[in-house]
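Asker: Just dropping this structure here.
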Amino acid sequence: MFGYYMPVKLKAGENIVTESPDGLILGSRAMIVTGRSSGKRSGALADVTAILEERSVPYTVYDRVENNPSIEAAAEGGAAAREYGADFIIAIGGGSPLDAAKAIAVYAANPPGNGFELYDIFKGVYENKPLPMAAIPTTAGTGSEVTPYSILTLHREQTKRSFSSPEVFFKTAFLDGRYIANLPLQTLRNTAVDALSHLIEGFTNKKSSPSSDYIALEGMRVLGGGLEILKDSLPPAELCTELLWAATLGGMVIAQTGTTIVHSMGYPLTYHKDIPHGMANGLLLGEYMRLADRELPWKTDLCLEALGLGSLDELCALLKLLLPCETAFTEEELAEWTKTTIAAKNVKTCPFEVTRGLEISIYKKCLL
Ligand SMILES: [Fe+2]
């Protein structure tokens, strides 16, 4: 038994936002949620504000989204949207602004206090419908534009945690490779490896199905050539579009399957050591694949074939090249982090049995 649900209207192509903006304006008063630089750097913010002005739609720009947004910051954004009277959101950016926008949309309609508390966002069911949202990704990695997930930083718990609700799918997502074309090479690498991680974790996930597997293999096929080029140089324009498409396919996969321990074990690396999310996943991905290979060798073969690689050793060597990491770790901190990571939901969807001892050994093999 399996199904497929992804209710986002996808629109892709060069200049798609300016040439075909229907689906961007979802109400009468907009809040644009973006990062401090992503909206301006990509050119997407200028495209969007020009359209809103041309159509006389009032808007405010909320560009205070930090990397790895905290739950408190998302609630602040919700309060700002209420104060402005926004009735829809346009999210522009990488994973942080897109994920923050989902939480802001919930908090705007369900202010914390009076029975709905800050952490109730994790219940995934809300009395008032979150504000409708459109998304314009400006990195090619997270796939957040097509998932019902939002990852928030919890300072109290010293980690990151995701909430999920079918109500926070974007209504529309606009994919234009031009918006990622001027990213630094290492950002392109980190985010592409995040996309790879989504595709592999989804493909090897206990919740995988024929529909998610089909998309995952296509995503790996599209991404394979791009990873090879990113070893040495910035991608040409046409490859930017491919990278963005592969990332969206990765999002479509995890929207069905969720992730695995690669993601939950990656979160402390980001929280405690400030390692970018995609890089954190990539540092753990090779060892994860070796463990998955024991249970699902035919799936490993299909992954390698789709990526254009000859062996798991080749995959590990590629990841090492793409992700230079100088950070030092201690045995004690790695063991400490597993107290939290072993409780993550996605421990249960791994293709192999996961114990705290196994997580400690994965961390040690990959990071010491
Ligand atoms: Fe991710």
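Asker: Which condition breaks for residue 53 when tested against (1) under 22 Å from residue 128 (Cα atoms); (2) out of contact with any helix residue (DSSP H, G or I) (no Cβ under 9 Å at 6 or more places or on another chain)?
Answerer: Tallying (1) under 22 Å from residue 128 (Cα atoms); (2) out of contact with any helix residue (DSSP H, G or I) (no Cβ under 9 Å at 6 or more places or on another chain), residue 53 fails exactly one: (1).
Asker: Could I ask something else about it? For the range 44-99, what are the residues that are without any contact (Cβ under 8 Å) to a residue 60 or more places away in the chain and in contact with a Pro (Cβ under 6 Å, 6 or more places away or on another chain)?
Answerer: 51, 65, 75
Residues checked against (1) at pLDDT 95 or above; (2) closer than 18 Å to residue 175 by Cβ:
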residue	(1), (2)
34	yes, yes
53	yes, no
66	no, no
69	no, no
73	no, no
83	yes, no
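Asker: Give the range 227-268 a look and list any residue that's part of a loop (DSSP other than H, G, I, E, B) and more than 13 Å from the ligand (Cβ to nearest atom), or say none.
Answerer: 231, 232, 233, 234, 235, 236 - these are the residues of the range 227-268 that are part of a loop (DSSP other than H, G, I, E, B) and more than 13 Å from the ligand (Cβ to nearest atom).
Asker: Pairs needed: first member in the range 130-159, aromatic (Phe, Trp, Tyr); second member anywhere, within 12 Å of the ligand (Cβ to nearest atom); C-beta distance under 7 Å; at least 6 residues apart or different chains.
Answerer: Partner pairs satisfying both residue conditions: 149/162.
Asker: Which residue pairs have Cβ atoms closer than 7 Å, lie 6 or more positions apart in sequence or on different chains, and pair a first residue in the range 172-189 that is of a type in the set (Asp, Glu) with a second residue that is assigned to a helix (DSSP H, G or I)?
Answerer: Partner pairs satisfying both residue conditions: 176/16; 176/17.
Asker: In addition: Of all residues being among the hydrophobic types (A, V, I, L, M, F, W, C) and closer than 22 Å to residue 355 by Cβ in the range 269-283, which is nearest to the ligand (Cβ to nearest atom)? Just the residue, please.
Answerer: Top of the filtered list is 280.
Asker: Looking for whichever is among the β-branched types (Val, Ile, Thr), without any contact (Cβ under 8 Å) to a residue 40 or more places away in the chain and under 28 Å from residue 357 (Cβ atoms) here; the options are 330, 340. Which one fits?
Answerer: It is 330.
Asker: Name the residues in the range 317-362 that are of a type in the set (Val, Ile, Thr), surrounded by fewer than 17 Cβ atoms within 10 Å (Cβ to Cβ) and closer than 17 Å to residue 267 by Cα, would you?
Answerer: The answer is 327, 330.
Asker: In the range 198-214, what count of residues is obtained for those that are under 18 Å from the mean Cα position of the chain (by Cα) and among the acidic types (Asp, Glu)?
Answerer: So the answer is 1.
The values are calculated or read from the model by the stated rules, or taken from the named source; none is laboratory data. Because the structure is predicted, anything quoted here is derived from the model rather than measured. Cβ coordinates were reconstructed from backbone atoms using ideal geometry, including for glycine residues, and neighbour counts include every protein chain displayed.
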